[in-house]
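Engineer: Below is the structure I would like to discuss, written out as structure tokens.
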Amino acid sequence: MESFHALIAGGRLSAREFRLEFNRVIETISAELQRDPVSRHLGDPWLWPELTEIYRHLTDLLERRRAVPKCFRTEVYTEKTLYSKDKLLFGQIDAFFINPEGIELVDYKSGSMMDGDLPKEDYANQLYFYAYLIYENYGIYPRSLTLIGKNSDSLCLDGSMERSKEIANDMRMVLSKYNDQINSALPIEHFSSPSSNNCIFCDAKPVCSAFWGALSEIELPSWSHAVIGVQAIPMIRSRLGGVTVELEVEESSLRTSRVRITRVFEGRYPDLQDRVGQRLLLTNIRQVLPSNPSLAEVTERSLILTMESGF
Ligand code: SF4
């Protein structure tokens, strides 16, 4: 019966095949019932009054499967990592759907997808690159490339194998350039490229002198500020258990000479001591008020480190 259901779900049975398969299943059930003394009282399935109803129900099901066969044959892939054939490039694709008509590629975006009248170039390039990875892995260029925004707005881009290949080749050239430089005698700082985009989510910030050196030039979002400073006064404990730390600023993306940082929960930073004069480094702190860079708070992503010496 299970294999019969699978055939129906596939939607590919002809009317004759369906009848033959139905008869075969009922014959099998009938023989099994006759063999089993416990089930024999159920009688002959060919005489069951429900048999017609079962038959109709299954033919209905088959008709419905036939009417919408595509959705039963679509393969869905989400957050799938694909590599180029040479294994030099890879990407994690939000979603793509493979069906008999081709491959539909989708990338989800949380922010605005447009830059004036055009799709944002970075978003478009990313989608074209994913299309390249799909082509490398499945031998088919996606038939649709779609960006989907926060409110389910969608933006379809024209497919272009040429552009996809060009982006992939540019990436290979950049990679090769960096590999050549790494093999040269250049100091490691030569490779850093601090910018708001590059550094926001980088966990190397605490040890990256290039980042701290560039702080006066790069703009960070209000929830991702960084500071190095000297503890100015003893920490202040609030009734709710949080601690406030006040620092004389040495380096910071907050444009201020003194900053008060609240919501430091000591349980989360067990090594943090209360020592006036110590140098502390904090990343991913949030500016509380847009108009006041002297007041910030710790977030879940904040790091607090004690520094013994400078960069
Ligand atoms: S913090 Fe340093 S290593 Fe990280 S992205 Fe910025 S410049 Fe590069």
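Engineer: Sort 249, 227, 276 by accessible area with a 1.4 Å probe, largest first.
Structural biologist: 276, 249, 227
Engineer: Going by a ≥ b ≥ c, the root eigenvalues of the Cα gyration tensor, does segment 81-216 fall in the rounded group (a/c under 1.5), the prolate group (a/b larger than b/c) or the oblate group?
Structural biologist: Taking the square roots of the gyration eigenvalues as a ≥ b ≥ c, segment 81-216 is oblate.
Engineer: To continue, here is another question. Once you have a ≥ b ≥ c as the square roots of the Cα gyration tensor eigenvalues for segment 195-311, tell me rounded if a/c is under 1.5, and otherwise prolate or oblate according to whether a/b is larger than b/c.
Structural biologist: It comes out prolate by the Cα gyration axes.
Engineer: Which of the peptides 18-31, 75-88 is most tightly packed, and how do the rest follow, going by the mean number of other Cβ atoms within 10 Å of each residue?
Structural biologist: Highest-to-lowest ranking by the protection proxy: 18-31, 75-88.
Engineer: While we're on this one: For an R0 of 35 angstrom, estimate the FRET efficiency from the Cβ-Cβ distance between residue 39 and residue 75 and round to the nearest 0.05.
Structural biologist: 0.30
Engineer: Count the net charge of all other residues whose Cβ sits under 9 Å from the Cβ of residue 147, scoring Lys and Arg as +1 and Asp and Glu as -1.
Structural biologist: 0
Engineer: Here's another thing I want to ask about it. I want the local charge near residue 195. Using Cβ-Cβ distances under 10 Å, sum +1 for each Lys or Arg and -1 for each Asp or Glu among the other residues.
Structural biologist: Counting the neighbours of residue 195, the net charge comes to -2.
Engineer: Roughly how many percent of the accessible protein surface of segment 92-248 is carbon and sulfur, given a 1.4 Å probe and a whole-percent answer?
Structural biologist: Roughly 52 percent of what the probe reaches on segment 92-248 is carbon or sulfur.
Engineer: Using label points projected 7 Å from each Cα along Cα→Cβ, tell me how many nm separate residue 55 and residue 238, to one decimal.
Structural biologist: 7.6
Engineer: Then there is this: Averaged per residue, what accessible area in Å² does the chain show with a 1.4 Å probe, protein chains only?
Structural biologist: About 61 Å² of surface per residue is accessible.
Engineer: Taking amide H positions as placed in the peptide plane 1.01 Å from N, state which residues far from residue 120 in sequence (5 or more) or on other chains have amide H under 5 Å from it.
Structural biologist: HN-HN under 5 Å from residue 120: 114, 115.
Engineer: Just grab the label-to-label distance for residue 308 and residue 251, each label 7 Å out from Cα along the Cβ direction, in nm (one decimal).
Structural biologist: Modelled inter-label distance: 1.8 nm.
Engineer: Just read off the accessible area of residue 114 with the full protein assembly in place, 1.4 Å probe, to the nearest 10 Å².
Structural biologist: Spelled out: residue 114, probe radius 1.4 Å, area about 70 Å².
Engineer: With a Förster radius of 30 Å, plug the Cβ-Cβ distance of residue 210 and residue 230 into 1/(1 + (r/R0)^6) and report the FRET value to the nearest 0.05.
Structural biologist: With a Förster radius of 30 Å, E is 0.85.
Engineer: Next question, about the same structure. If you take every residue apart from residue 156 with its C-beta less than 14 Å away from the C-beta of residue 156, what net charge results, scoring Lys and Arg +1 and Asp and Glu -1?
Structural biologist: Counting the neighbours of residue 156, the net charge comes to -2.
Engineer: While we're on this one: Need one word for the chain: rounded, prolate or oblate. Basis is the Cα gyration tensor (sqrt eigenvalues a ≥ b ≥ c); a/c below 1.5 gives rounded, then a/b vs b/c decides.
Structural biologist: Prolate shape, in that a/c is at least 1.5 and a/b is the bigger ratio.
Engineer: Taking only Cα atoms, what is the 0 to 90° angle, nearest 10, from helix 161-182's long axis to the longest principal axis of the chain?
Structural biologist: The angle comes out at about 40 degrees.
Engineer: What ranking of 113, 173 comes out by heavy-atom accessible area, probe 1.4 Å, highest first?
Structural biologist: 173, 113
Engineer: If I model a spin label at residue 195 and residue 66 as a point 7 Å from the Cα along the Cα→Cβ vector, what separation in nanometres do I get?
Structural biologist: Going from the residue 195 label point to the residue 66 one covers 5.8 nm.
Engineer: Leaving ligands and nucleic acids out of the surface, order 175, 254 by accessible area at 1.4 Å, largest first.
Structural biologist: Ranked list, largest accessible area first: 175, 254.
The values are calculated or read from the model by the stated rules, or taken from the named source; none is laboratory data. These numbers were taken from a predicted model, which means no experiment stands behind them. Backbone-built Cβ (ideal geometry, glycine too); neighbour counts: all protein chains shown. The protein model used for the area step is the full one, side chains on, heavy atoms only, and it has no ligands, DNA or RNA in it. Shrake-Rupley method; radii C 1.70, N 1.55, O 1.52, S 1.80 Å.
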